[in-house]
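Here the structure is laid out as structure tokens; the discussion comes afterwards.
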Amino acid sequence: MGKMSRVNDEHDVEARRPPSHPPPPPLPEPWCSWLVPLIFLACVALFIHSMYFNDCPSHIAQPEKCFMYPQLGTFSFQPMYENPLIGPSTQTLRDLGGLDRRLIVENGEKWRLLSCLWLHAGVIHLVANMLSLLLTGFRLEQEFGFLRIGVLYVFSGLGGSLLSCLHQDQSKPIISVGASGALFGLLGSMLSELITNWTIYANKCVALTCLLFIIALNLALGFLPNVDNSAHIGGFLAGFFLGFIVLVRPQYGYVSKKHIPAGYDVKKKKTKYKLYQHVLCLISLLILLAG
């Protein structure tokens, strides 16, 4: 009987003993991406509207010179010698809200800083930007949700517009349009997200090298003629610093209280965020406020 009692006592002690490690928290469910498709549809719809508004055949002496006039009629494009990107005229882009420093400074049309993000100079411009949006935006929205990605997209676009406006030559009638500044902001946020969440990534150096190569390649393409690289750089910097603020994740090994089993004694619990994450967030916030 004594031996049986001892065995039962050992089983009771074993049952009461907390597990050696708390179970890892469940992986977060991916967000349903709807904002990125909505931005995609809005840009395409506004491009179609811009071609209808442009109405090339009604605004030139020889309508047959409009590119694809027999097939598209009212929606046909400006002659290729005028717009090699296959799109509307410069005047149409200005009328619909393109970025024009003179109109912003002299007429107070500050709304152009945001309206220009939704316009595109041509089919080639639109396709390139929409491919970039789908490749970068889907992944970010699924991981971080529509609110944070929406904030990144809009404020990065605004940052790109501001720098573009500052660098525009007032002596030339320059119009800047496109979502490139916002898209470079998403690229910049991917870099800052990798840096601030460094502890949770595997193959860190490979991911960083690939991302830096993509960023460098895109910035290099910005030096081609008729490309507004100021908007690219401004958008990238805005997205980069915003990423340290809105894309921070708990450090590797952190377990919240609701995922710790009952009776488990946590001797040395990890903080939710590392000190360097707080520092990067604060520095980025100060830079954005100062800028």
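Read-outs throughout are calculated quantities, based only on the coordinates presented, and are distinct from any laboratory measurement. For clarity, every value in this text was computed on a predicted model and none was experimentally measured. No Cβ is skipped: glycine too gets one built from the backbone with ideal geometry, and neighbour counts run over all protein chains shown.
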**Asked** Going by how many other Cβ atoms sit within 10 Å of their own, how do L186, L242, L280, L208 line up, fewest first?
**Response** L208, L280, L242, L186
**Request:** Note the full-extension length gain between V151 and K172 as 0.36 nm times their separation in residues minus their Cα-Cα distance, in nm to one decimal.
**Result:** 4.3 nm
**Message:** Order these by the 10 Å Cβ neighbour count, fewest first: E141, E193.
**Reply:** E193, E141
**Request:** Between beta-carbons, use under 12 Å as the cut-off and find the net charge around Q91, counting Lys and Arg +1, Asp and Glu -1.
**Result:** -3
**Complete:** Here, M80 and K110, labelled 7 Å along Cα→Cβ, have an inter-label distance in nm of 4.4
**Item:** Fewest-first sequence of H167, H125 by Cβ atoms within 10 Å of each Cβ
**Value:** H167, H125
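Compute and list, largest first, the equivalent-ellipsoid semi-axes of segment 27-124 from the alpha carbon gyration tensor, each √(5λ) rounded to a whole angstrom. Write out the running numbers ahead of the final one.
Values: eigenvalues 170, 86, 18 Å².
Its equivalent ellipsoid spans semi-axes of 29, 21, 9 Å.
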**Fill in**
Among K110/K172; K110/K274; K110/K204; K65/K110, the pairs whose Cα-Cα distance exceeds 30 Å are K110/K274; K110/K204; K65/K110
**Asked** Tell me, in nm to one decimal, what length is gained between E29 and A202 on full extension, where the rule is 0.36 nm per residue of separation less the Cα-Cα distance?
**Response** 60.3 nm
**Message:** Can you give me the distance in nm between label points at H59 and L135, each placed 7 Å from the Cα along the Cα-to-Cβ direction?
**Reply:** 3.2
**Request:** Grab the beta carbon distance between A45 and Y276, set R0 = 30 Å, and tell me the FRET efficiency rounded to 0.05.
**Result:** 0.10
